[in-house]
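The values are calculated or read from the model by the stated rules, or taken from the named source; none is laboratory data. The structure displayed is predicted, hence computed values, not measured ones. Virtual Cβ from ideal backbone geometry, glycine too; neighbours counted across all protein chains shown.
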Amino acid sequence: MRNVIIHQGFLPDILYRLLPEHLLAAIGEALPPHGTPEEIRLRCGRCASITVQGENLRLSTVWSGKDLEQLLLRLCEGSPYAHEETLREGYLVLEGGVRVGVCGRATVQEGRLTGVSAPTALVLRIPCNIPQNGIDFGHLLRSLPKGKGLLIYAPPGGGKTTALRCAAVALAGGNHPLRVAVVDTRRELLLPDDPALLVDVLSAYPKHLGISIAARTLGAEVILTDEIGTKEEAEAILNAQTCGVPLLATAHGSDLSELLRRPAMRLLHQARCFGAYAGLSRTKEGQSLAVTSYEAADALL
């Protein structure tokens with residue numbers, strides 16, 4: 001195997017410190033010129049892989065259960081108990097906004113998941129840099145009627161979290177900033193360290209509670225949150241709307257008509273919470289965007 005070094009900057013700094021050298025070398029072997037990994041997937045007894053621009057590339061390394069267990073311990077910096085709460089939900093968050101999905105053997109007591117052991121897969125999702133010439137969702141939200149929110153939807157890996165990060169910067173920065181509250185339940189939005197941003201981040205708050213606090217006690221002019229979908233969250237969004245605070249949110253879905261058939265989304269649609277729906281899809285050239293107005297979306301029901 002030829003020696004390949006991943007130059008600093010392809011990955012967040014913490015991964016150069018925590019990942020073993022043989023894995024970094026294997027990533028360098030598979031990485032196309034000017035490519036940046038979006039995900040690193042390690043599976044017990046199977047080839048590891050990386051995802052680059054939506055394409056899955058096999059690596060030359062195969063991981064054992066012991067390898068995965070040792071790496072998970074290292075990712076927890078020797079203290080899995082410090083991450084016990086999120087590990088029960090199947091993930092942990094590293095410095096720099098890297099989220100690690102954890103798949104393994106569940107421990108269940110009285111129908112409640114109490115722990116995960118013997119990892120069989122680790123999925124490292126790497127936050128994308130904010131593009132300089134990306135879609136301006138902040139401008140799109142500002143163009144809607146006062147008080148109306150914007151819902152961004154896309155399938156997994158479609159760029160929803162990056163879009164939300166871009167919108168937060170666009171809305172909280174510039175010459176006419178708004179007071180932005182970001183409900184970052186999984187601590188992965190990773191906003192830039194720009195002192196000029198008028199943004200408050202509610203980190204690790206349950207979405208419904210964070211949305212309520214942002215609307216009623218922080219005096220936010222717009223609330224941003226990732227991956228909504230439960231009835232509890234929908235009710236919190238409706239309460240925020242009664243305060244006149246619009247929401248810019250994301251949801252999983254590749255088809256708007258299917259998305260609006262979900263009970264929570266239908267509730268929000270019927271309450272006219274969103275002035276428009278923005279569908280993201282991935283192409284080889286980058287991203288495409290389809291914006292549907294509330295009235296056009298109404299015809300899909």
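Quick one: I211 ticks every box in (1) part of a loop (DSSP other than H, G, I, E, B); (2) touching a helix residue (DSSP H, G or I) at 6+ places or on another chain (Cβ under 6 Å) bar one, so which box is it?
Just one mismatch for I211, condition (1).
Select from segment 84-120 the residues that are of a type in the set (G, A, S) and either buried (at least 20 other Cβ atoms within 10 Å of the Cβ) or under 20 Å from L191 (Cβ atoms) (or both) and list them in ascending order. Reasoning before the result, please.
Narrowing segment 84-120 to residues of a type in the set (G, A, S): 90, 96-97, 101, 104, 106, 111, 115, 117-118.
Within segment 84-120, G96, G97, G104 meet the criteria.
Go through segment 62-118 and give me each residue that's under 23 Å from Y16 (Cβ atoms), in contact (Cβ under 8 Å) with a residue 24 or more places away in the chain and part of a strand (DSSP E or B).
The answer is Y91, V93, R99, V100, G101, V102.
Looking at (1) under 23 Å from G54 (Cα atoms); (2) part of a helix (DSSP H, G or I); (3) touching a residue at least 60 places away in the same chain (Cβ under 8 Å), can you tell me which one L171 breaks?
Among (1) under 23 Å from G54 (Cα atoms); (2) part of a helix (DSSP H, G or I); (3) touching a residue at least 60 places away in the same chain (Cβ under 8 Å), L171 violates only (1).
Taking the stated definitions as given, is P155 surrounded by fewer than 21 Cβ atoms within 10 Å (Cβ to Cβ), at pLDDT below 90 and more than 25 Å from E85 (Cα to Cα)? Steps first, answer last, please.
On the way: surrounded by fewer than 21 Cβ atoms within 10 Å (Cβ to Cβ): yes; at pLDDT below 90: yes; more than 25 Å from E85 (Cα to Cα): yes.
Yes, satisfied.
Any idea which of L202, L248, L224 is in contact with a Gly (Cβ under 8 Å, 6 or more places away or on another chain), within 19 Å of F137 (Cβ to Cβ) and touching a residue at least 12 places away in the same chain (Cβ under 8 Å)? Even if it seems obvious, please write down each step before you answer.
Working: L202 fails: within 19 Å of F137 (Cβ to Cβ); L224 fails: in contact with a Gly (Cβ under 8 Å, 6 or more places away or on another chain).
Criteria check complete, one pass: L248.
For L150, are the conditions met, namely being of a type outside the set (F, W, Y), buried (at least 19 other Cβ atoms within 10 Å of the Cβ) and at pLDDT 95 or above?
Numbers: of a type outside the set (F, W, Y): yes; buried (at least 19 other Cβ atoms within 10 Å of the Cβ): yes; at pLDDT 95 or above: yes.
Yes: the conditions hold for L150.
Can you report the number of residues in segment 126-145 which are out of contact with any Leu (no Cβ under 9 Å at 6 or more places or on another chain) and modelled with pLDDT of 90 or more?
2
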